[in-house]
Structures are given as structure tokens and as C-alpha cells.
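Enquirer: After the C-alpha cells below, expect a handful of questions from me.
The values are calculated or read from the model by the stated rules, or taken from the named source; none is laboratory data. All figures in this text were calculated on a predicted structure; none of them were measured in a lab. Note: ideal-geometry Cβ built from the backbone for every residue, glycine included; neighbour counts use all protein chains shown.
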Amino acid sequence: MNSHRCRALLITAPASGQGKTTVTAALARHYRQQGKRVHIFKCGPDFIDPMILQQASGQPVYSLDLWMVGEALCRQQLFEAAKVADLILIEGVMGLFDGTPSSADLAELFDIPLLLVINSKGMAQTFGAVAHGLTHYRPELKFAAVLANRVASERHAEMLSESLPAALGSLAYMGKDEAFELPSRHLGLLQASEVADLDQRLNLAAAALHIPNLEQLAAEIHFEAAVSEPLPPLLEGVRIGIAKDEAFSFIYNANIDCLERMGAELHYFSPLHDNALPEVDSLWFPGGYPELHAEQLSANQKIKQAIMAHHQSGQAILAECGGMLYLSEAIVTHQQQHHRMVGLLSGSAIMQQRLGGLGMQSVPLPEGELRGHTFHYSHFETSFEAMSYATKQRNGQQGEAIYRQGRLLASYIHLYFPSNPAACAALFTPPVLKMTL
């Protein structure tokens, strides 16, 4: 079949920090408790929210973005999910109309209704005006309901409900309760593995949903397949070692799928806990929180020596954001503590309180152009000359520096491998195979 029908809903808000992830996770847990198979997608680039949503739903979470992922792959991912799911939930990014393309653009393209989440803290009758403005800004969008989040009391809920225009239906709401709030730090929410009582919080959040006609909230949508060619086996038999532990965990599920579909053999290792590398041809150091584990990373001399030997043998390494910090000479923490890292790339990563980079960027490489995003609270001090610079998607201006030293490619950019699988494969291809391609 070239199409499938499935109920779907996109959860959005006026801005970041309104509680979209909590509401999406609560919905997923509720439906899962009813025996439904729920597949969740996250609009835009994100690693941390999907970890929470994956635990809530019990299914892998993938990104949807009309620029980074592309319309065809977005369409195909929704089609594949519709084949097996009872419900598709999509968490929006930032505010409904933020970004080009935005969550609103995605909802309109695939005709998906919206659940509008508004943080009602410190708000009464103005709630209705905000809801009215957002739901009428683009008349072509469909709204399933408006949900007031962090409601202080039943009386507060009544006041908010009275302000809601009748055309928007009955008010949905969630109360304010620290028992199911999701804790956060500078890059966003804590990772799922860091919240010991996460399942309990998710169950409490699901129970806190007050939504009229909850089981009919999502609409049945017709999802069509995209025309796509199977990926060629460009990495057939290539063994790729992937750093994955508490310090390195920012990995798109789609990136793993892309590598495996091109034939790669994936082997995971921990720079925190392992003393040796697996027998691999190439290494990938994704982003994460190396700064939180800098002392332990610095102390693991054996794995650092093994990484150095791998690089000196001419084998490929890709280092993204936190991975680049780890392969640099040092990480300087907020407390001004200097921790020696691997030292493959001259320079030091200085942690800072303000945002150092944010947004979608394209990366021009000799292997081809890849797309990705950047989001970091550090800056890299180096005298090493950049090979090139990324280009910001929003305005075409110069973006992050791209560093190359032998077969090491490093930058702050988190690459989305399916944006150019052939270029991705070339980054990991061993030297002997590279010469024969």
C-alpha cells in the first residue's frame, strides 16, 4: 500500500518553556496505558526531549524538519509510523510560528491538527486573548483543543475557561505539580537516564491531564509514502566505533539507521568507562555533556592513548560538539578548572554561561554538503585554522568553523546523516576503501 491512515496530533505552544514536552509525554503515557501503540516525533533538531518521549512511549523518537530532514523523508517517516501505530504524536519546536520552516508549516503540509499548550501561570482572562490570536493567525491551521498548563487551582481553571472563546471548545488543562515537572539544566531538560523517578513522573503527568473527549482528541490522517531509493551499501563491512555513555549521548536515531542501511557494523564504547577501543575502522564522537564528566574523562589515560593511536594510523574520526571538546587539548569548566583531554585538536574549550551558538546550518565539505544544527554553551579557543565554515540556514551568514586534521573532522555542528548519505559514508570510509571508490 502507498498510504496508511492513523490518528495524529501536533503539540505546540506560543514559545519554548510552556511545557510541550511534559504534555506530549503525558499524552503518550496515557495512551500507552490504554494499550495503544504510540509513535512520537520531535519537530526540529533535539536530542534531550526525544529521550524523555521515548521512555514515555516505549518507541524510538525521530526528528521532523522540512529543512534539515527534508519533506520526502518527513513524509516517509510518518508513513512508516502510520503502518504500525495507533497514534502519532508530534512535539513542536519553540513557538508555533517560530523558524522557517516552522511547526505550523509542518502541520499545514500534512494536515495535522494542533493541541495548543499555553503556560497559564500569572494569567487569567488574557489567556483567552492569547489563544484567540494564535488560533486565528493562520486560518488554514486546524486546532483540536487549547490546553492551559501549570494551572494553580480549580478556580484558576474556571477563570481560564471563561476567557476562552466558545469557538475553541472546552478548556483542557494540567495543574502545576512539582511531582511530575521535568528537571532541566542549561541545554534543556535533564536526560532521561538522569531522572531516577522518570516513570513515576510520567504516570503522574498522565493522570493530571484534564482533556474533554481525550480519546477523540487526535484526528485520523491519510499519510502517503514518499518516493525513495534504497541506500547503496557504501559502508558494507566498515566497522564504526561510536562513543556512547553519560558524557556522549546526542545521537539521532535516523543517523544510526542511515549507517546501518549502508552496511556499517556499529560498535559502541565508553570514553568514561572503557580502557580500550573496539576493533573498528572509524570513530564517531557525538555531542553530549563532556564538561560534566571532564575530570573522569581526563583521568582515563588508556582510552585517550588508544584514540591518539587510531588517529595517527590515518583512520577516520568524526567529532561533533561535545565530541570535539573531548578531542581538544582541554576543557575549562565554569569553575575555571582545566582538564586535559585527548589533544588531537589544538585548542581549549571554554565553558560559558551564555549561549555560544544556535540554529540550523549547512556544512560544505569536499565529500559533499551535509545539514545539521548547532547548540552550545562554550567557545573554542584555537590558533588552528578552520578548513571552512558552515552557512546559517536562516540568513546565509557564516556559521561554525569546520576543522580538519588528517582524517579527523571536527566542529560544533551536529550532522544529520540522511541529509547526504554518500557524503556521510565518505567521512567514515577506511583509507583503502576510500582510494577504490
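Enquirer: If you check Val117, Val93, Val130, Val146, which single one turns out to be at pLDDT 95 or above, more than 30 Å from Gly70 (Cα to Cα) and aliphatic (A, V, I, L, M)?
Expert: Val130
Enquirer: Suppose the filter is in contact (Cβ under 8 Å) with a residue 40 or more places away in the chain, hydroxyl-bearing (Ser, Thr, Tyr) and in contact with a strand residue (DSSP E or B) (Cβ under 7 Å, 6 or more places away or on another chain); does Ser346 pass it?
Expert: So Ser346 does not fit the description; no.
Enquirer: If you don't mind, there's one more thing I want to ask. Whether any residue in the stretch 350-365 is of a type in the set (Lys, Arg) and part of a strand (DSSP E or B) is what I want to check.
Expert: Looking through the stretch 350-365, none of the residues is of a type in the set (Lys, Arg) and part of a strand (DSSP E or B).
Enquirer: Let me ask something else. Determine if the stretch 285-303 includes at least one residue that is assigned to a strand (DSSP E or B), assigned by TED's automatic domain parsing to the domain that holds Pro430 and not aromatic (Phe, Trp, Tyr).
Expert: yes
Each row is one residue, and each column tells you yes or no for (1) outside any strand (DSSP E or B); (2) within 25 Å of Ser249 (Cα to Cα); (3) touching a Ser or Thr at 6+ places or on another chain (Cβ under 9 Å); (4) not charged (D, E, K, R).
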site: Leu10; (1), (2), (3), (4): no, no, yes, yes
site: Val23; (1), (2), (3), (4): yes, yes, no, yes
site: His30; (1), (2), (3), (4): yes, no, no, yes
site: Phe41; (1), (2), (3), (4): no, yes, yes, yes
site: Ala72; (1), (2), (3), (4): yes, no, yes, yes
site: Gln77; (1), (2), (3), (4): yes, yes, yes, yes
site: Leu89; (1), (2), (3), (4): no, yes, yes, yes
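Enquirer: Among residues belonging to the stretch 49-68 that are within 12 Å of the chain's Cα centre (by Cα) and either without any contact (Cβ under 8 Å) to a residue 24 or more places away in the chain or in a helix (DSSP H, G or I) (or both), point out the one that is nearest to Gly99 (Cα to Cα).
Expert: Met68
Enquirer: Something else: Does the stretch 267-310 hold any residues that are touching a helix residue (DSSP H, G or I) at 6+ places or on another chain (Cβ under 7 Å) and more than 24 Å from Asp49 (Cβ to Cβ), and which are they?
Expert: Pro271, Asp274, Asn275, Ala276, Leu277, Ser282, Leu283, Leu297 - these are the residues of the stretch 267-310 that are touching a helix residue (DSSP H, G or I) at 6+ places or on another chain (Cβ under 7 Å) and more than 24 Å from Asp49 (Cβ to Cβ).
Enquirer: Any residue at all in the stretch 411-432 that is assigned to a strand (DSSP E or B) and over 24 Å from Val69 (Cβ atoms)?
Expert: No, the stretch 411-432 contains no residue that is assigned to a strand (DSSP E or B) and over 24 Å from Val69 (Cβ atoms).
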